Amino acid sequence: APKEHMPLPKAPTAPAPKEHMPLPKVPTAPAPKGRMPLQEASTRASIFDTVTLPDLNDRIKQLDESFQQALLRLIDERGMKDSDCYKRAGVDRKLFSKIRSNPDYRPSKPTAVAFAIALRLSLDETADFLRKAGYALSRSSKFDVIVEYFIVNKRYDLHQLNVALYEFDQPLINA
């Protein structure tokens, strides 16, 4: 005789959600790109009011030079013309103009490396220069190890560097 199956117990049902009173809509001006809306900013400000940050304003006032400032300074220190530098880096005039006119400009890492090669920076100078753009050379990255090799060996030819990058299946620089 076929076995009779016991009916499965019913799954417990979740309690009905409680109704909440909707929060009043507070008009906020649209936030500038990359910034939090006004309402969130005022909430954030109240959080900071409870924390003691005695020297934060002083630190903000004493920022290091920007990537743009460092690039223009290094071009001048090396007695180069802007056009010689950006051509050697494989950067077009339009992008260089954008960098020149925006002190807060952050290049891609390959573009920053290209300028380091064009300026013939030492390894220490390159590390400092890349840091100003928010980057570093890492011994755990093939791309970075290849770049470091070329700089340490004073091989400042972007074409040769790109050939080596290609041989190791790495992204090319401004090619």
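Going by a ≥ b ≥ c, the root eigenvalues of the Cα gyration tensor, does the range 83-130 fall in the rounded group (a/c under 1.5), the prolate group (a/b larger than b/c) or the oblate group?
oblate
Got a number for the accessible area of Val152? Probe 1.4 Å, square angstrom, nearest 10.
80 Å²
Quick one: if you stick a label point 7 Å off each Cα along the C-beta vector at Ile60 and Arg73, how many nm between them?
Label at Ile60, label at Arg73, 2.3 nm between them.
How many nm separate the modelled label positions at Met80 and Leu53, each set 7 Å beyond the Cα in the direction of the Cβ?
The modelled label-to-label distance comes out at 3.7 nm.
Identify the residues of the range 156-175 with backbone N under 17 Å of a label point that sits 7 angstrom from the Cα of Lys94 along the Cα-to-Cβ direction, or state none.
Within reach of a label on Lys94: 174-175.
Of the listed pairs Lys94/Lys142; Lys81/Lys109; Lys87/Lys154; Lys94/Lys154; Lys61/Lys94; Lys98/Lys142, which have alpha-carbon separations greater than 25 Å here?
Lys94/Lys142; Lys94/Lys154; Lys61/Lys94; Lys98/Lys142
Per residue, how large is the accessible surface of the range 93-159? Use a 1.4 angstrom probe and give square angstrom.
About 56 Å² of surface per residue is accessible.
The values are calculated or read from the model by the stated rules, or taken from the named source; none is laboratory data. This structure is a prediction, so every number in the text was calculated from the model and none was measured. When we count neighbours, we look across all protein chains shown, and the Cβ atoms used for this are built from the backbone with ideal geometry, even at glycine. Heads up: the accessible areas ignore ligands, DNA and RNA and are worked out on the full protein's heavy atoms, side chains in. Shrake-Rupley method; radii C 1.70, N 1.55, O 1.52, S 1.80 Å.
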